[in-house]
Structure formats: C-alpha cells, structure tokens
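The values are calculated or read from the model by the stated rules, or taken from the named source; none is laboratory data. A quick note: this is a predicted structure, and the numbers were derived from the prediction, not measured. Positions of Cβ are backbone-derived with ideal geometry, glycine not excepted, and every protein chain shown enters the neighbour counts. Protein only, heavy atoms only, side chains kept; ligands, DNA and RNA dropped before computing areas. Shrake-Rupley method; radii C 1.70, N 1.55, O 1.52, S 1.80 Å.
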Amino acid sequence: MTGFLTSFLRNRKAAFGLAIVLLYVMIALLAPVIAGYEPLARVARPHQPPSWDHWLGTTRMGRDVFAQLVWGTRTSLMVGLVAGLIVTINGTIIGITAAYFGGVVDEVLNFMTNVVLVLPQLPLLLVLAAFLGQVSPWSIALIIGLTSWAWGARVTRAQGLTLKTRDYIEASRMLGEPAWRMILVEMLPNLLSIICFNFIGSIIFTIITQATLEFLGLGSPLNLSWGTMLYNAQTSSAITVGAWWEVAAPCLAIVFIGVGLSLMNFGVDEISNPRLRTLGTIGKALKLQRELDRARLKEAAQ
C-alpha cells in the first residue's frame, strides 16, 4: 500500500491530476466561504456579463453564476464519490468472489455480469430516471451505482483469475488458510491498482452521466449541480441571447475535473503496467541521447 502511494505521488501525471482534484475538493468544502453570494438569491440584473462584482456573470434570474458553480461543485463531486464507491465495491466483491471460488459461483456471477454488460447503459439510465420522475442527485448516484458495476467486475475477475494460480496463493491454500483471509490478505492488496482504476473511472462516468440526465430535465431543479446549471441555461435560452458564460462555466468545470481524474487514471495505469513504465524510461533515454548528440555536434562545430 505504501509503495503504491509513493509510486503514485512520484508519477507526474498522477500528481498533477491529484492536484486538480484536490482543488475541486477544497472548493466544495469551502463553498460557504468563497461563493460570495447565495446561489439562489437574486443579486443583480438578468444576464449580466462577467465583471469584478460577478466574476462569471449572472443568470436570467439575476443569480450569480460563480456562486452556483461553487455550490454545484459540492453536489457533483459528492454524487460522483458516492456512485463511484457503490460501483467499485459491487464490482470488486463480485469479481474477486467469482475468481476465487470458481465453479458454479463463477458461472452464476459471470452470467449476471454478462447480462448487465449487454444492456445499453445510457438508455437504461434514461428509462429509470424517466420512470422515477425528477429525482434527487442521491437517487441518480444510487441508480448509476447499481447499474454500472459490470465492467469493473469483469476486469477484477480477470485479474483475480491470474492471481489465483500464483505460487503464494497455492501455498496459503495448502496451509489451510480460510477463504476470507485468502481474499482480503493475499488477493485484495494485489488488486489495488485495478480497484483504483475502476474507482476513478467510475467517478468520471458518474459526473458526466449525472450532468447528462439533469441537462435533459430528469433531475430535480431544486438541487443545484453542474447539470441543473446547464438545464437552466438551456431553458432560459442563454446561448440565443448571448449569455455564453452560463453554459461555459459548468462545461469547463466538467472538462477540468475530467482531465484531473483522467490524469490520475493514466498514472495508475502506468504504475500497474510495466510496459508503460518501460516505454517511459526508453523515451527518456532517447531524449537524453538526442541532447548528448546535439551537444557533441555543437562542440565539433566549434
């Protein structure tokens, strides 16, 4: 665990992505301090462009866009975190259980995973959200969490099957170690990189999916998030009247959190994939060799 965290922090992509995500977390935690205005209070004229008083302008109702963006960050991040945890826990439990026990247990769990995988994800979420009506962000997180675990379970199962045949696993089994200890102590730590990869990817998917559902009007307008900001901008024809800042603010917030989480995922992938680490080392060596060649040519010319 300590070695993985050390490698993660030393990876430039992962460290930069983590810095972006931590910035968003700080904004969410300090929302009451840095927002400046109440997000649903009318504080200026409608569709006022960005200014020193209102950094990101105002909405059709005269509400401060920056305040809404800050408070929406709290909701969107919490939904992403909750749904990501549900997806990761379900996928990890199902995948590692199927890999370790095999036989009938593996066949049943693998059949369930395949059924969920073949269902079209976004249409399924649209149908469920439409059936439930205008749902809260937490309901959206629960829907996503309970319907999006299959891919993580498949990846965890595949990696678990390779671990199951390792010598130390066989030795522990011959010593009579109980199944729970084999899974929690022997297999789970070696699946940490895969679990982190699934968790980060699930957060990205959840944030984008939540924004999509709420943009389509399937979320509750009483709960402020990036998706409801886009929905309100659409219903008020913000682009048509030239109030581009109402759309740009939540869109850029989604883009930058996606970049941060993706960089963290790339870092985890490089840490867990020896080939990518080797390619990175080779690239650095080639770059150093080119610099040495240039220096030698420069000395020869002089």
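In the range 129-150, what residues are of a type outside the set (S, T, N, Q) and surrounded by 19 or more Cβ atoms within 10 Å (Cβ to Cβ)?
129, 135, 137, 140, 141, 143, 144, 145, 149, 150
Table: residues versus (1) farther than 26 Å from residue 19 by Cα; (2) open to solvent by 50 Å² or more (accessible area, probe 1.4 Å); (3) touching a Leu at 6+ places or on another chain (Cβ under 7 Å); (4) modelled with pLDDT of 85 or more.
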position	(1), (2), (3), (4)
247	no, no, yes, yes
252	no, yes, no, yes
270	no, no, yes, no
274	no, yes, no, no
285	yes, yes, no, no
293	yes, yes, no, no
299	yes, yes, no, no
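Just checking, how many residues over the range 1-54 are among the charged types (D, E, K, R) and open to solvent by less than 70 Å² (accessible area, probe 1.4 Å)?
Selection size over the range 1-54: 0.
Among all residue pairs at least 6 apart or on different chains, which show Cβ distances below 8 Å where the first residue, located in the range 199-210, is within 14 Å of residue 151 (Cβ to Cβ) and the second is outside any helix (DSSP H, G or I) and open to solvent by 20 Å² or more (accessible area, probe 1.4 Å)?
Filtered contacts from the range 199-210: 202/148; 205/148; 206/148.
In the list 29, 18, 22, which residue meets the criterion of being modelled with pLDDT of 90 or more, closer than 30 Å to residue 185 by Cβ and not charged (D, E, K, R)?
Exactly one of 29, 18, 22 is modelled with pLDDT of 90 or more, closer than 30 Å to residue 185 by Cβ and not charged (D, E, K, R), namely 18.
Here are the criteria: (1) more than 21 Å from residue 239 (Cα to Cα); (2) of a type outside the set (Lys, Arg); (3) in contact with a Phe, Trp or Tyr (Cβ under 9 Å, 6 or more places away or on another chain); (4) crowded, with 17+ Cβ neighbours inside 10 Å. Tell me which single one residue 85 does not satisfy.
(4)
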